[in-house]
1. Filter the range A:150-192 down to the residues that are more than 10 Å from chain B (Cβ to nearest Cβ) and among the hydroxyl-bearing types (Ser, Thr, Tyr), then identify the one that is most open to solvent (accessible area, probe 1.4 Å).
2. Identify the residue in the range B:71-89 that is away from chain A (no Cβ under 12 Å) and of a type in the set (A, V, I, L, M, F, W, C) and, among all such residues, is nearest to the chain's Cα centre (by Cα).
3. Could you tell me which numbered condition A:SER135 fails, if it satisfies all but one of (1) within 21 Å of A:ILE236 (Cβ to Cβ); (2) within 14 Å of chain B (Cβ to nearest Cβ); (3) open to solvent by 40 Å² or more (accessible area, probe 1.4 Å); (4) not in a helix (DSSP H, G or I)?
4. Considering only helices (runs of 4 or more DSSP H) fully contained in the range B:166-255, which possess at least 3 residues that are closer than 30 Å to B:GLU118 by Cβ and not charged (D, E, K, R)?
5. Quick test for you: out of B:ILE219, B:ILE174, B:ILE200, pick the one residue that is more than 16 Å from the chain's Cα centre (by Cα) and either away from ligand 1 (no atom under 16 Å from the Cβ) or farther than 26 Å from B:HIS22 by Cα (or both).
6. Which of the residues that make up the range B:90-109 are closer than 24 Å to B:SER48 by Cβ and either at the interface with another protein chain (Cβ under 7 Å from one of its Cβ atoms) or among the basic types (Lys, Arg) (or both)?
7. Collect the residues in the range A:15-26 that are at negative phi and surrounded by fewer than 16 Cβ atoms within 10 Å (Cβ to Cβ), keeping them in residue-number order.
8. Might you let me know whether the range B:34-56 holds any residue that is hydrophobic (A, V, I, L, M, F, W, C), more than 15 Å from the chain's Cα centre (by Cα) and more than 16 Å from ligand 2 (Cβ to nearest atom)?
Amino acid sequence: MSIAFFAAFFLAWQYSIVWFDIPRYILTPPSVIVTKGWADIDRLLYYTWITGVEVVLGYAVAVILALPLGLAIAFSSILRRTIYPFVVCVEMVPKIAFAPLFISWLGFGLLPKVIIVFLVCFFPIVLNAILAFSSLSEELSRFSVSTGASVWRTFVKVRLPAALPQCFVGFKYAAINATVGAAIAEFIGSDQGLGFYIQIVTGNMRPDLAFAGIFFLTILGLALFGLVTLAERLLIPWHISVRHQSR
Amino acid sequence: MNPLIELTGVQKVFGAGPGALHAFGPVDMKIEKGEFVSLLGPSGCGKSTLMLMIAGLLDATGGRIAIDGRTVVGPQTDIGIMFQDNTLVPWRTVRGNIELQLELRGLSTAAHRASVDELLASVHLEDFQRRYPHELSGGMQQRAAFCQALVHQPATMLLDEPLGKLDAMTREAIRTDLQALWIQRHPTVVFVTHSIEEAIQLSTHVAIITPRPGRVERIISVDLPYPRDFEVKSSPQFIGYVRQAQEIFRGYGVL
Ligand SMILES: Nc1ncnc2c1ncn2[C@@H]1O[C@H](COP(=O)(O)OP(=O)(O)OP(=O)(O)O)[C@@H](O)[C@H]1O
Ligand SMILES: [Mg+2]
């Protein structure tokens, strides 16, 4: 079904350009994007690799730092009163607006992009982790307490598995943010990567190549999202969100 | 000798100020070791609240609860509790859920394999032990939760409507099993139910609770021989006890 829908979409795109006689420098038909993109495939693949590294590094660092922080805030009433309001406020700041600053501070290299990807991924993960670790049902927490289990044992056997589904909401949201963050960071200041590529070819009146760049950016986003979804299926196959998909 | 569970002036008020809700008590009650005591009362009268207070999972607003002569100040870990909402976790199978109780207590699941098998068989869930809770009916989930609550063989059990969601036939069967277990091991049981017949069939004592704020209106000592099978249930004495309880509820206007 969805494959048919994709096909219809690309066909409509292809033929509406012919029918409405849209100039090639505004919009290119998919067939031209494929042939022209193929001609430039080396550069596209190399830039996909560059952007991919930024995305994966920023995302990984965000997960590694955000989960423990979310956990700490969920379990410490002091942190909940001090750091949590701060985190919520910072969440409201459009992180992407810092991109020009980071680039002016840190230059055109890898680091500012990783930081920006990190920033746009970090907050959804923290906020969902806080929610995840602080919403164990009253019955389950009473049950755990009534067994006299240690905090650690309760965490491993009850709290952690119960929290995973909500954590994955954050992981998925962050995965969607990650490529957007990387592309914008590259628009602003870069000499390589897909964002840089899209900007340069658009400036050269080559929408065909811009679309090819967008295509690879999309693939990158889908790959990351796919990996997170795969991890979700492996880790929480019992959860209702996963069960519905695999029916 | 001290009674096993002793309530002195126990009451519970939720919240404070004008929005405060007087949920339960004050109640004085003694439960001796090995007794089977049912709490019978209308919905909202504070039965679950009392259970949680005895288990040390909820603080009483006033009065004192003692178990074996020691005042309850924190969670009691050597009893078996079946909560009103089941505590099955969705990521474990039926068997895994039963073993969760053992694992949280640091008990060996291997050493308890036989007793888990036996429990599963007694509630007719052997064929479903590898299934997940969402693959079970409500009544089957309740039977699994029943096993989860009792697998560590506690000498004291607090059971909050353990048979509430079961159909009449399964309910009858599990009642019989519960009675057999009690006759065999004589644990102390506090049992919440809405069924007058069930309370009288199983219990040595039935505590009739008034509507909220719940107080003990009367304690009926049921003097009938065990096992109380179909024969006993159709005896005039049994019916007399049921009548007695019904009278009281009719007095409240809830029957
Ligand atoms: N956490 C709470 N906060 C405020 N009020 C509560 C709370 N828990 C229970 N109550 C109130 O206390 C009263 C007694 O509740 P409880 O759950 O003990 O009733 P119950 O006798 O177990 O009823 P049922 O038979 O329906 O399970 C109810 O009126 C309920 O609204
Ligand atoms: Mg209740």
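1. Once the filter is applied, the top-ranked residue is A:TYR173.
2. Here the answer is B:VAL72.
3. (2)
4. On the way: elements: B:168-185, B:196-202, B:230-233, B:236-252.
Helices (runs of 4 or more DSSP H) meeting the threshold: B:168-185, B:196-202.
5. B:ILE219
6. Selection gives B:PRO90, B:LEU100, B:GLN101, B:LEU104, B:ARG105.
7. Within the range A:15-26, the subset at negative phi is A:15-20, A:22-26.
Across the range A:15-26, the qualifying residues are A:TYR15, A:SER16, A:VAL18, A:TRP19, A:PHE20, A:ILE22, A:PRO23, A:ARG24, A:TYR25, A:ILE26.
8. Within the range B:34-56, not a single residue is hydrophobic (A, V, I, L, M, F, W, C), more than 15 Å from the chain's Cα centre (by Cα) and more than 16 Å from ligand 2 (Cβ to nearest atom).
The values are calculated or read from the model by the stated rules, or taken from the named source; none is laboratory data. None of the values given here were measured: they were computed from a predicted structure. Methodologically, a virtual Cβ is constructed for each residue, glycine included, from the backbone with ideal geometry; neighbour enumeration extends over all protein chains shown. Accessible surface is based on the protein model in full, side chains and every heavy atom, while ligands, DNA and RNA are left aside. Shrake-Rupley method; radii C 1.70, N 1.55, O 1.52, S 1.80 Å.
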